[in-house]
Amino acid sequence: MSEKQYTGKVTVGGPAQVHELEALMISKVAVGPMNNNAYLLRCRYTGEQLLIDAANEAHTLLALVGDDGIQSVVTTHQHGDHWQALAEVVAATGARTYAGREDTGGIPVPTDVPVDDGDVIRVGRVELTARHLVGHTPGSIALVYDDPHGHPHVFTGDCLFPGGVGNTQGDAERFASLIADVESRIFEPLPDETWVYPGHGHDTTLGEERPHLREWHERGW
């Protein structure tokens, strides 16, 4: 599936969509009951695989992983709908677990590698840079793949969606923190062409969302 064919629109119970980049294959699948997105990343040079958010439906995720297994699972944040299948997936694959340092206490599966802002997580020859975004949870992380063959790609968990930042439950301080981090660590360093893969729903680009930042500030969510 070429970039032009990839839409990022998946449904629970439906097939994965595959975004084929020169060095990386990104498979996106939706799982129930809360319509979570999970992403399987495969290095095209080595075949090594990494899963972002073992959200639910372990059977669906393990079928996506296939016989090659996975080396790593990254949990974007501690909310329960993002780790319901984590224990089963880790037990089946022996994968190393990663999560933002401040959220590890809220994830009932031990975190092998606590992640801080700027840390690099590798899948084969591909490097993903973690960005710590505080507000949706204390330890939420996004993963940035700065594709040397094209534009960047960022996996934002529940910190950035089409139409706004993640839920901060009406807490003005948490919202201020989250939007500041999203602006300084995602929007400012990355170009409009950056493809955004959120924890729920459809994909977007930074260029689609950037014109609305002032509106988000004014409405406070």
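Summary table
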quantity: The stretch 80-104 versus the stretch 165-181: alpha-carbon centroid distance in Å; calculated: 25
quantity: Two-site FRET efficiency, His217 against Ala87, from Cβ-Cβ distance with R₀ of 30 Å, rounded to 0.05; calculated: 0.15
quantity: Stokes-Einstein translational diffusion, the stretch 126-176 - Kirkwood Rh over all Cα pairs, 0.692 mPa s, 37 °C, in µm²/s; calculated: 275
quantity: Under the Karplus curve 6.51 cos²θ - 1.76 cosθ + 1.60, θ = phi - 60°, whole-Hz ³J(HN,Hα) for the stretch 194-209, x wherever Gly or Pro sits; calculated: 4, 8, 10, 10, x, x, 9, x, 7, 6, 8, 10, 5, x, 5, 8
quantity: Where the Cα pairs of the stretch 17-219 fall when distances are cut into 5 Å bins, in %; calculated: 1, 8, 17, 22, 22, 17, 9, 4, 1, 0
quantity: Two-site FRET efficiency, Thr46 against Glu183, from Cβ-Cβ distance with R₀ of 35 Å, rounded to 0.05; calculated: 0.50
quantity: Relative packing of 180-191, 82-93, which averages over residues the other C-beta atoms within 10 Å, highest first; calculated: 82-93, 180-191
quantity: Segment His149-Glu208, length gained on full extension (0.36 nm per residue, minus Cα span); calculated: 19.1 nm
quantity: Least to most buried among Asp192, Asp103 (fewest other Cβ within 10 Å first); calculated: Asp192, Asp103
quantity: For peptides 120-132, 65-77, sequence by mean Cβ density within 10 Å, most packed first; calculated: 65-77, 120-132
quantity: For the stretch 21-60, the Rg and Dmax computed from alpha carbons only, in angstrom; calculated: 11.2, 35
quantity: Fewest-first sequence of Arg219, Arg101 by Cβ atoms within 10 Å of each Cβ; calculated: Arg219, Arg101
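Every number in this text was worked out from the coordinates using simple rules, so none of it is lab data. What you see is a predicted model, and the numbers here were worked out from it, not measured in a lab. For neighbour counting, all protein chains shown are included, and Cβ atoms are generated from backbone atoms with ideal geometry for every residue, glycine included.
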